[in-house]
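Input: a single structure, listed below in structure tokens.
The values are calculated or read from the model by the stated rules, or taken from the named source; none is laboratory data. Nothing here was measured: the structure is a model prediction, and the numbers come from that model. Neighbour counts are summed over all protein chains in view; Cβ atoms, including those assigned to glycine, are modelled from backbone coordinates with ideal geometry.
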């Protein structure tokens with residue numbers, strides 16, 4: 001059972017995610033400028049390599065430009081889940097790559113068209129690489 005590993009992890013990141021839609025005239029734009037997660041990490045260590053799954057809460061902002069009203073901003077909470085692999089390559093150093101799916105739920109914005117209010121959905125697939133130093 002020594003090969004099983006559990007831990008917690010948190011991060012706060014700058015995000016440059018930007019999207020658009022033709023639902024409103026001339027077009028709607030959605031942005032996310034920051035994103036954070038608090039996750040549980042469970043894994044299996046095989047020699048100097050850790051294979052893991054991760055899940056927890058996510059939070060960030062959603063900014064929506066409805067074309068005529070300018071950007072409306074709201075902070076939203078949601079969930080995150082993913083998998084990854086981390087390998088030790090020196091005494092205190094590891095490198096990792098992971099995939100995360102983030103869903104910040106929905107935000108509401110008023111669109112200046114006959115459609116009235118519409119729902120803006122924010123979810124994203126992320127692939128991240130990291131270099132870690134372990135203090136002992």
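Suppose we filter 75, 106, 32 for residues that are under 27 Å from residue 131 (Cβ atoms) and at pLDDT below 90; which single one remains?
32
Of the numbered conditions (1) at pLDDT below 80; (2) buried (at least 20 other Cβ atoms within 10 Å of the Cβ), residue 62 satisfies every one except a single condition; which is it?
Checking residue 62 against (1) at pLDDT below 80; (2) buried (at least 20 other Cβ atoms within 10 Å of the Cβ), the one that fails is (1).
Would a scan of the stretch 27-46 turn up a residue that is loosely packed, with under 14 Cβ neighbours inside 10 Å and within 17 Å of residue 121 (Cβ to Cβ)?
Yes, some residue in the stretch 27-46 is loosely packed, with under 14 Cβ neighbours inside 10 Å and within 17 Å of residue 121 (Cβ to Cβ).
Mind checking whether some residue in the stretch 45-59 is at pLDDT below 90, on the phi > 0 side of the Ramachandran plot and in a loop (DSSP other than H, G, I, E, B)?
No, because not a single residue in the stretch 45-59 is at pLDDT below 90, on the phi > 0 side of the Ramachandran plot and in a loop (DSSP other than H, G, I, E, B).
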